[in-house]
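**Student:** Sharing a structure with you now.
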Amino acid sequence: MKRALITGITGQDGSYLAELLLGKGYKVYGLTRRSSNQVTDRIAHILPKIELISGDLLDTTSLMHAVEEARPDEVYNLAAQSFVQTSFNQPVLTAEFTALGVTRLLEAVRKCAPKARFYQASSSEMFGKVQEVPQTEKTPFYPRSPYGVAKLYGHWITVNYRESYNMHASSGILFNHESPRRGIEFVTRKITYNVALIKNGLAQELRLGNLDARRDWGFAGDYVEAMWLMLQQDQPDDYVVSTNETHSVKEFVQTAFERADLDWEKYVKIDERFYRPAEVDLLIGNSAKAADKLGWEPRTDFKTLVNMMVDSDLKIFGKPSGLTC
């Protein structure tokens with residue numbers, strides 16, 4: 001039986017990855033930070049099947065203990081301070097978790113489980129002010145937020161450990177990926193959750209920032225399969241994971257409100273507080289390498305993703321959309 005250690009197991013990606021690995025017969029361990037309020041909502045349905053280990057990306061010793069306890073064949077580093085807007089307000093903390101945390105975990109793996117295969121969650125935010133369209137593994141990076149800069153450090157330190165210590169360490173440069181499990185602080189879930197509130201008469205408006213920003217949005221449940229496939233390859237490498245399509249925030253809003261049979265223009269207000277200090281205007285990936293070498297392709301299209309999220313949030317308040325397609 002293969003053994004896997006997932007950092008960030010309580011997050012969106014961690015929960016889907018844990019489900020995937022359990023389905024493949026893995027023994028799954030999840031790293032969680034010790035706190036008075038342990039948030040395990042996303043993994044509540046699989047808690048009896050996994051082992052949680054206390055550890056912190058800020059503390060190398062705890063990571064070494066976690067790796068020693070899990071004795072993993074594969075390590076997936078999904079933990080981070082992952083909200084871009086917060087990174088502008090907490091740049092140092094973002095760097096500690098999202099950048100240096102990768103180094104601490106790589107060191108723990110190198111010393112305690114050197115044969116384990118390592119996955120690093122890189123991000124399309126590393127492209128930032130994009131230097132070419134679409135973005136591939138060879139596109140120059142130009143991050144536009146402390147989060148993007150921190151992710152870029154994590155990406156390159158993973159490459160460095162791969163080349164310096166012959167570790168099987170791969171990075172997935174994942175473009176935006178969403179799901180009903182997305183945190184409501186992220187713009188996609190903020191939209192679908194507020195659609196549900198408005199539909200149920202619990203809110204009268206939705207305040208958003210730049211509606212013209214364009215993103216390559218996929219389904220997180222599809223993307224975790226790409227993570228797993230990377231660690232099944234003979235040689236480690238870096239891969240863009242994307243849908244190869246771009247849509248504006250406005251398109252997301254229109255699709256979401258339409259699903260609930262609402263006119264978005266009656267409820268959406270532009271609020272400059274939600275603009276980034278440095279905006280990323282356009283992200284669109286080219287995942288041809290992942291398709292060619294991993295045999296991976298996205299299965300969930302944009303409209304299906306948005307409808308899935310709206311339907312899930314409507315169910316929270318007991319009013320399904322009534323639509324079946």
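**Student:** Could you give the dipole magnitude of the chain about its Cα centre, charging the beta-carbon of Lys and Arg +1 and that of Asp and Glu -1, in debye to the nearest 20?
**Tutor:** For this selection, approximately 600 debye.
**Student:** Going 7 Å from the Cα of ARG33 toward and past its Cβ, which residues in the range 1-26 have a backbone nitrogen under 12 Å from where you end up?
**Tutor:** It comes to 8, nothing else.
**Student:** Evaluate the charge dipole of the range 193-277 about its Cα centre and quote only its size in Debye, nearest 20, assuming +1 on the Cβ of each Lys and Arg and -1 on the Cβ of each Asp and Glu.
**Tutor:** The dipole magnitude comes to about 560 debye.
**Student:** Okay, next question. Sorted by accessible area with a 1.4 angstrom probe, largest first, how do ASP56, ASP263 fall?
**Tutor:** ASP263, ASP56
**Student:** Less than 17 Å from a label point 7 Å out along the Cα-to-Cβ axis of PHE88: which backbone N atoms in the range 200-236 qualify, by residue?
**Tutor:** Counting only backbone N, you get 207-214.
**Student:** While we're looking at this one, here's another question. Accessible area, 1.4 Å probe, largest first: how do LYS293, LYS266, LYS115 sort?
**Tutor:** From most accessible down to least: LYS115, LYS266, LYS293.
**Student:** Further question on the same structure: In the chain, carbon and sulfur make up what percent of the accessible area (probe 1.4 Å)?
**Tutor:** 48 percent
**Student:** Roughly how big is the range 93-237's charge dipole about its Cα centre, with Cβ charges of +1 (Lys, Arg) and -1 (Asp, Glu), in debye to the nearest 20?
**Tutor:** 320 debye
**Student:** Another question, then. Excluding residues fewer than 8 places away in the same chain, name every one of the lysines whose C-alpha is closer than 23 Å to that of LYS24.
**Tutor:** Result set, ordered by chain and number: LYS2, LYS49, LYS115, LYS293.
**Student:** Still on this structure, please answer the following. Leaving out ligands and nucleic acids, note down the accessible area per residue over the chain with a 1.4 angstrom probe, in whole Å².
**Tutor:** Value for the chain: 44 Å² per residue.
**Student:** A further question follows. Expressed in nm², what is the orientationally averaged projection area of the convex hull enclosing the Cα positions of the range 1-88?
**Tutor:** Average of the hull's projected areas for the range 1-88 equals 6.1 nm².
**Student:** Taking the convex hull of the Cα atoms, report for the range 1-44 its projected area averaged over all directions, in nm².
**Tutor:** Over all viewing directions, the range 1-44 projects a mean Cα-hull area of 3.0 nm².
**Student:** Shifting gears a bit: Among the complete DSSP H segments of the chain, which ones combine at least 20 Å of alpha-carbon extent along their axis with a mean Kyte-Doolittle hydropathy of 0.0 or more?
**Tutor:** The answer, listed by residue number, is 302-316.
**Student:** Mean-square fluctuation check for the chain, GNM, Cα pairs under 10 Å: which of THR304, THR103, THR32 is largest?
**Tutor:** Evaluated over the chain, the most mobile residue of the options is THR304.
**Student:** Report, in whole Å, the centroid distance computed from the Cα atoms of the range 169-240 and the range 249-267.
**Tutor:** 18 Å
**Student:** For the chain, what does the helix formula give at 222 nm: sum of -39500 (n - 2.57) over DSSP H segments with n ≥ 4, over the residue count, nearest 500 deg cm²/dmol?
**Tutor:** Rounded to the nearest 500, the figure is -11000 deg cm²/dmol.
The values are calculated or read from the model by the stated rules, or taken from the named source; none is laboratory data. In this text the structure is predicted, and so the values were computed from the model without any measurement. Positions of Cβ are backbone-derived with ideal geometry, glycine not excepted, and every protein chain shown enters the neighbour counts. Side chains included, ligands, DNA and RNA excluded: accessible areas come from the protein's heavy atoms. Shrake-Rupley method; radii C 1.70, N 1.55, O 1.52, S 1.80 Å.
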